[in-house]
Amino acid sequence: MKAYRRLLGSMFAVAAFFYSCGAMADVIDGNWCYSDGRHFSIRGPDIVTPGGTSAKGTWSRQAFSYRIPPAEADAGQTIYMLLQDQDTVALAVGTQPIVADPASVQIWHRCKDQVSQVPR
């Protein structure tokens with residue numbers, strides 16, 4: 001019985017360690033850019049879509065989904081996003097990126113900060 005308790009305690013410690021490592025990852029909130037110039041912004045459940053429409057979605061720390069608004073291309077479809085690392089999001093239309101056809105998954109990156117320069 002002592003060995004069982006030790007094993008259970010060890011398993012709990014390992015699980016807690018890996019859970020805490022995941023908690024250190026960044027959140028999906030922020031400004032995201034695609035190589036073709038499109039961009040979107042997420043703040044909690046709020047998104048400004050690549051088409052410039054404000055909408056609500058389903059937010060979790062490392063994932064986001066929303067229905068494409070009526071005024072935009074592919075209206076009514078669901079967009080799914082999954083944070084890959086602090087600077088990369090995998091995005092797919094109609095299905096989760098993890099199960100989507102790899103050719104249809106778009107890889108978005110955090111937008112570079114726009115800093116204006118004061119002329120000298």
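A few notes on this one:
- Tabulated pairs, segment 39-57, first closer than 18 Å to residue 75 by Cα, second open to solvent by 40 Å² or more (accessible area, probe 1.4 Å) and basic (Lys, Arg), C-beta under 6 angstrom, 6+ apart or interchain: 50/38
- Boolean, residue 55 is open to solvent by less than 40 Å² (accessible area, probe 1.4 Å), touching a helix residue (DSSP H, G or I) at 6+ places or on another chain (Cβ under 7 Å) and not in a loop (DSSP other than H, G, I, E, B): no
- Test: residue 35 is modelled with pLDDT of 90 or more and hydroxyl-bearing (Ser, Thr, Tyr): yes
- Within segment 97-109, tally of residues that are open to solvent by less than 80 Å² (accessible area, probe 1.4 Å) and in a loop (DSSP other than H, G, I, E, B): 3
- Of residues in segment 71-89 being aliphatic (A, V, I, L, M) and farther than 14 Å from residue 30 by Cα, the one surrounded by the most Cβ atoms within 10 Å (Cβ to Cβ): 79
The values are calculated or read from the model by the stated rules, or taken from the named source; none is laboratory data. All figures in this text were calculated on a predicted structure; none of them were measured in a lab. Virtual Cβ from ideal backbone geometry, glycine too; neighbours counted across all protein chains shown. Only protein heavy atoms, including side chains, enter the accessible area calculation; ligands, DNA and RNA are left aside. Shrake-Rupley method; radii C 1.70, N 1.55, O 1.52, S 1.80 Å.
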